[in-house]
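Shown next, in structure tokens, is the structure this report addresses.
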Amino acid sequence: MGEELLVPFLYDYMRRAMAISALVGAVAGLLSCYVVLKGWSLMGDALSHAIVPGVVLAWLVGIPFAIGAFAAGMLAALAMAGLRDRTPIREDAVIGVVFTSFFGLGLFLMSIFPSNIRLRTIIFGNVLGIADEDIVQMAIIAVVVLAALALRGRDLMLSLFDPTQLVVAGGSPARMRILLLVLLAATAVAGLQAVGAILVIGMLVTPGATAYLLTDRFGRMAGLAAGIGAVTGLLGAYGSYFLDGSTGGSIVALQAALFVVVLVFAPKHGILATRRAARVAA
Amino acid sequence: MLAQPISLAVEAISVAYPNGHLALKDAGFTLGAGTICGLVGINGSGKSTMFKSIMGLVRPARGRVLIAGGPVEAALKRNLVAYVPQAEEVDWSFPVSVRDVVMMGRYGHMNLLRIPRAVDRREVTAALERVGMADLAERQIGELSGGQRKRVFLARALAQGGQLLLLDEPFTGVDVTTEESIITLLKALRDEGRIILVSTHNLGSVPTFCDQVVLVNRTVLAAGPTSEVFTGPNLLRAFGGALRQHSLPGATPLPADAVIVLSDDERPLVMAPDGQVMGRLPRDI
């Protein structure tokens with residue numbers, strides 16, 4: 001029985017899948033804190049869908065998929081910023097229009113240029129069949145995102161809490177906004193391979209939301225979210241071997257399950273704790 | 001210590017927003033060190049645009065702002081300008097502690113990585129003690145009362161070493177006792193030579209703590225010592241129809257035309273008919 005549990009570690013593809021899922025999970029989890037506090041969950045959703053046409057075009061032109069995906073994400077972000085600033089349309093409608101347009105375009109391109117990129121791979125990810133060069137791309141993205149957060153994370157946090165104070169301290173909230181967009185798009189690109197374009201949004205929101213319920217300190221929230229992302233990434237990939245199911249689905253479902261447990265039992269902000277506090281007050 | 005005492009000169013600035021809205025036109029006033037000045041006007045009169053111009057968030061189309069004799073950017077670099085936001089602008093559920101918020105005042109003194117050094121920690125602790133919040137330093141900011149919340153942001157301004165403090169509507173949603181204790185603190189900070197500019201539409205509290213008043217309505221209508229500027233006719237010009245004027249009913253010990261009560265917000269102002277400020281009422285009538 002015990003030996004059976006170690007079986008996934010015997011296979012090279014499983015070891016790689018678990019390592020990559022844990023890495024992407026950690027990076028996306030860390031970033032999810034900023035996304036949740038900025039109120040940008042929808043933006044993450046939009047970017048992760050908007051990168052799809054970039055993947056297809058990159059394949060057609062013959063450049064690394066990450067570059068095409070990233071360019072498409074940035075283009076979508078620019079389109080959203082432009083529409084928001086120049087039209088009276090509200091932000092949620094702008095996001096909805098842009099990301100469905102990009103996603104639709106991606107699906108359309110895929111249908112008229114039959115390629116070896118399978119729709120399933122883009123939408124749902126395929127971490128088990130991941131190519132070496134893709135692993136390199138994802139590792140580079142992860143290092144760049146982590147380095148950017150290590151260097152500018154405090155300013156980014158201040159821009160979310162009190163942008164005016166950032167200006168007073170000599171920073172630029174506009175630059176921090178762009179930084180967060182870029183990091184978000186880059187992480188969405190990395191997550192695309194691991195869990196797919198749809199589920200990456202779960203990795204970019206759920207760990208942060210879970211950690212937010214567990215602590216009142218940003219540092220701890222960031223650590224918890226990164227940890228949750230890494231552990232669920234690893235366990236999700238590991239579990240999918242036995243369940244014979246989708247790796248992405250398994251990772252994000254695990255995160256969702258953890259969120260529900262925390263939502264109910266969190267020591268201070270959980271449903272039970274809030275009820276207890278209300279009873280004591282009454 | 002500063003090479004020269006702090007000063008603020010707003011020289012005939014005009015500010016227009018991209019949508020063509022002219023928020024301020026030819027607005028100017030000057031303040032010297034050791035002053036508490038009320039920036040008084042209705043909502044939409046250009047108070048916040050004035051603040052934004054002083055903090056360099058908007059650039060005047062004409063005119064200029066000089067802080068300590070130099071441009072705004074230089075003053076920001078020297079961390080001279082500190083800002084205390086309105087309570088409604090702050091996300092009180094944000095996962096930061098009181099100490100974290102006060103430490104944000106030190107960011108301008110740190111290097112690009114914003115890693116606190118010993119001097120930063122010392123300044124934060126000193127500022128927390130100064131405003132009487134040292135015991136609550138580890139609390140999440142949402143767990144504080146209205147007055148404590150204000151003190152946290154004042155401590156941040158102190159930790160920053162700000163010499164020009166901008167307070168945006170500091171007394172909204174704060175009870176009178178708390179207001180008085182904050183005013184005591186502001187007066188102590190003034191006596192150390194700081195300039196404290198307080199934007200408010202709460203008329204009743206202005207004469208109790210402001211040495212100077214700047215009345216704004218799309219421009220500076222009047223500026224100077226409170227006793228000269230904060231008068232009935234000036235206030236009526238600044239507030240126009242937004243001001244409610246009551247005469248006390250005849251049942252009071254005073255004759256019906258003995259006082260005028262001006263009220264925009266929760267704390268009405270009582271004036272003699274000649275425009276002399278007599279005091280304020282604890283509640284609206």
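The values are calculated or read from the model by the stated rules, or taken from the named source; none is laboratory data. What you are looking at is a predicted structure, and each value in this text was computed from that prediction instead of being measured. When we count neighbours, we look across all protein chains shown, and the Cβ atoms used for this are built from the backbone with ideal geometry, even at glycine. Accessible surface is based on the protein model in full, side chains and every heavy atom, while ligands, DNA and RNA are left aside. Shrake-Rupley method; radii C 1.70, N 1.55, O 1.52, S 1.80 Å.
For region A:213-231, the tally of residues that are open to solvent by 30 Å² or more (accessible area, probe 1.4 Å), farther than 14 Å from B:GLY142 by Cα and within 9 Å of chain B (Cβ to nearest Cβ) stands at 2. If you go through region B:7-25 and pick out every residue that is in contact with a Gly (Cβ under 7 Å, 6 or more places away or on another chain) and open to solvent by 30 Å² or more (accessible area, probe 1.4 Å), you end up with 3. Of all residues in region B:37-53, those that are more than 21 Å from B:ARG194 (Cα to Cα) and modelled with pLDDT under 95 have Cβ atoms under 7 Å from Cβ atoms of residues that are among the aliphatic types (A, V, I, L, M) and not in a strand (DSSP E or B), 6 or more apart or on another chain, in B:GLY41/B:ALA238; B:ILE42/B:ALA242; B:THR49/B:VAL58.
Given the structure, is A:THR210 open to solvent by less than 30 Å² (accessible area, probe 1.4 Å), within 14 Å of chain B (Cβ to nearest Cβ) and at negative phi? Judged against the criteria, A:THR210 is a match.
This table checks each residue for (1) in contact with a strand residue (DSSP E or B) (Cβ under 7 Å, 6 or more places away or on another chain); (2) surrounded by fewer than 23 Cβ atoms within 10 Å (Cβ to Cβ).
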position	(1), (2)
B:GLY34	no, yes
B:SER45	yes, no
B:LEU66	yes, yes
B:LYS77	no, yes
B:VAL102	no, no
B:GLY108	no, no
B:ILE115	no, yes
B:THR125	no, yes
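Only one residue in A:ILE135, A:ILE140, A:ILE122, A:ILE95 is more than 14 Å from chain B (Cβ to nearest Cβ) and open to solvent by 60 Å² or more (accessible area, probe 1.4 Å). Which one? Even if it seems obvious, please write down each step before you answer.
On the way: A:ILE135 fails: open to solvent by 60 Å² or more (accessible area, probe 1.4 Å); A:ILE122 fails: open to solvent by 60 Å² or more (accessible area, probe 1.4 Å); A:ILE95 fails: open to solvent by 60 Å² or more (accessible area, probe 1.4 Å).
Being more than 14 Å from chain B (Cβ to nearest Cβ) and open to solvent by 60 Å² or more (accessible area, probe 1.4 Å) holds for just one of A:ILE135, A:ILE140, A:ILE122, A:ILE95, which is A:ILE140.
Remark: A:ALA237 matches the filter, which requires a residue to be within 30 Å of A:ALA71 (Cβ to Cβ) and either open to solvent by less than 30 Å² (accessible area, probe 1.4 Å) or not in a helix (DSSP H, G or I) (or both). Report, by residue number, each residue of region A:41-71 that is open to solvent by less than 30 Å² (accessible area, probe 1.4 Å) and out of contact with any Phe, Trp or Tyr (no Cβ under 8 Å at 6 or more places or on another chain). Of everything in region A:41-71, those that are open to solvent by less than 30 Å² (accessible area, probe 1.4 Å) and out of contact with any Phe, Trp or Tyr (no Cβ under 8 Å at 6 or more places or on another chain) turn out to be A:MET43, A:GLY44, A:SER48, A:ALA66, A:ALA69. Within region B:129-174, take every residue that is small (Gly, Ala, Ser) and out of contact with any Leu (no Cβ under 9 Å at 6 or more places or on another chain) and give me the one that is nearest to B:PHE51 (Cα to Cα). Checked region B:129-174; the qualifying residue nearest to B:PHE51 (Cα to Cα) is B:GLY173. Restricting A:ASP92, A:ASP85, A:ASP155 to those that are at pLDDT below 85, farther than 25 Å from A:SER246 by Cα and part of a helix (DSSP H, G or I) reduces the list to A:ASP85.
How many of the residues in region A:143-182 are within 25 Å of A:SER21 (Cβ to Cβ), open to solvent by 10 Å² or more (accessible area, probe 1.4 Å) and either within 14 Å of chain B (Cβ to nearest Cβ) or touching a helix residue (DSSP H, G or I) at 6+ places or on another chain (Cβ under 8 Å) (or both)? Adding up the residues that qualify gives 8. Across region B:196-240, the number of residues qualifying as among the small types (Gly, Ala, Ser), in contact with a helix residue (DSSP H, G or I) (Cβ under 8 Å, 6 or more places away or on another chain) and open to solvent by 30 Å² or more (accessible area, probe 1.4 Å) comes to 1.
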